[in-house]
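Shown next, in structure tokens, is the structure this report addresses.
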Amino acid sequence: MTPALYVVATPIGNREDVTQRAIAVLRAASAVACEDTRHSRPFLEGLGVAVPLIPLHEHNERRAVDRVIALIGEGKSVALVSDAGTPGISDPGGRAVAAVRAAGIPVIPIPGPSALSAALSVAGLADGPVLFAGFLPARPGARQAEIRRLAAVPAALVFYEAPHRIEEAVADLIALLEPDRTLLVARELTKVFEEIASMPLPAGAAWLAADANRRRGEFVLVVSAPPPRTGLDAEAERVLRLLLAELPVKTAARLAAELTGRPRNEFYARALALKADGDGPDRR
Ligand code: SAM
């Protein structure tokens, strides 16, 4: 194996989700750096991995990374795992990876399970941007400010959430995001009590309240993108519609921009949308 840091994804619940390549790399490594050795040891022993474990968490990061760099410098390979899923996705590991790469050492991904990709794979989102927001802040004020900031982003949103905060997080999403968005709740993915439910966002609170089991376990929330908005205020919209009734799209957009002082491309996009909806004569 090329001496390197191998960043290895491990299961998020179902142990059979570990890949053949992950097993091979973990067995062949000289050491496995892990977030919590007590957590990872039984999993690794179950795979027949009998190599030294290096604890690597936020409190010993610098020292542990130096040890990893030294081992790889001696021609050995080190694997990095987190408690579950893909290291570096809402997990420690990111800074360690950066430090190892900065030392000129190759960092090689061994991809596999992540709650993020598992939830997205069943979310049924249309093509379009997706923003992974990770965990929302725990404090209500900071959480609400973050949701307000995200509300303006024209993308689907993915959150990780813990059971003790799921109700307040969903309540804030309902209060602060547009009601015509869809919420997917994915809990306990790949585990015995896996549950995946999709609903209009405003129905999320009642869905959680209906059964105490729905508030247990680990959660991913996927909120669909906000519906497209014209960006035009009422007056600009009125001007555009009047012009569009008489003129081709390009001319109407140019004149509306000149009359209102707003950017022409906003009017052009809106005019095309109005035409596509059948609002106005079909002249370009
Ligand atoms: N690195 C991991 C990954 O790749 O998904 C995520 C680690 S983060 C510390 C833990 C959070 O991920 C949980 O609080 C939950 O939001 C989400 N998560 C992890 N496993 C999950 C599962 N089986 N079902 C649903 N969400 C899960």
Complete set of residues in segment 74-95 that are farther than 17 Å from PRO113 by Cα and in contact with a Ser or Thr (Cβ under 7 Å, 6 or more places away or on another chain): LYS76, SER77, VAL78
Test: residue in segment 188-204 that is aromatic (Phe, Trp, Tyr) and surrounded by 14 or more Cβ atoms within 10 Å (Cβ to Cβ): no
Hits in segment 137-169 - residues which are in contact with a Lys or Arg (Cβ under 8 Å, 6 or more places away or on another chain), over 17 Å from VAL223 (Cα atoms) and among the small types (Gly, Ala, Ser): ALA138
Pick from segment 43-67, criterion open to solvent by 70 Å² or more (accessible area, probe 1.4 Å) and farther than 18 Å from GLY93 by Cβ, ranking: nearest to the ligand (Cβ to nearest atom): GLU45
Residues being touching a Ser or Thr at 6+ places or on another chain (Cβ under 9 Å), of a type in the set (Gly, Ala, Ser) and exposed (fewer than 14 other Cβ atoms within 10 Å of the Cβ) - total across segment 96-127: 2
Residue in segment 77-93 that is more than 10 Å from the ligand (Cβ to nearest atom) and open to solvent by 70 Å² or more (accessible area, probe 1.4 Å) present: no
Strands (runs of 3 or more DSSP E) wholly inside segment 154-208 that include at least 2 residues being more than 14 Å from the ligand (Cβ to nearest atom): 182-187, 195-200
Residue within segment 249-264 that is open to solvent by 50 Å² or more (accessible area, probe 1.4 Å), more than 30 Å from ALA171 (Cα to Cα), in a loop (DSSP other than H, G, I, E, B) and in contact (Cβ under 8 Å) with a residue 12 or more places away in the chain present: yes
Leading residue by the ranking (farthest from the ligand (Cβ to nearest atom)) among those in segment 118-136 that are touching a residue at least 12 places away in the same chain (Cβ under 8 Å) and over 20 Å from LEU150 (Cβ atoms): GLY124
Qualifying residue in segment 79-86 (condition: at pLDDT 95 or above and either farther than 30 Å from ALA169 by Cβ or over 24 Å from the mean Cα position of the chain (by Cα) (or both)): yes
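The values are calculated or read from the model by the stated rules, or taken from the named source; none is laboratory data. A quick note: this is a predicted structure, and the numbers were derived from the prediction, not measured. Neighbour counts are summed over all protein chains in view; Cβ atoms, including those assigned to glycine, are modelled from backbone coordinates with ideal geometry. Ligands, DNA and RNA are excluded from the accessible area calculation, which covers all protein heavy atoms including side chains. Shrake-Rupley method; radii C 1.70, N 1.55, O 1.52, S 1.80 Å.
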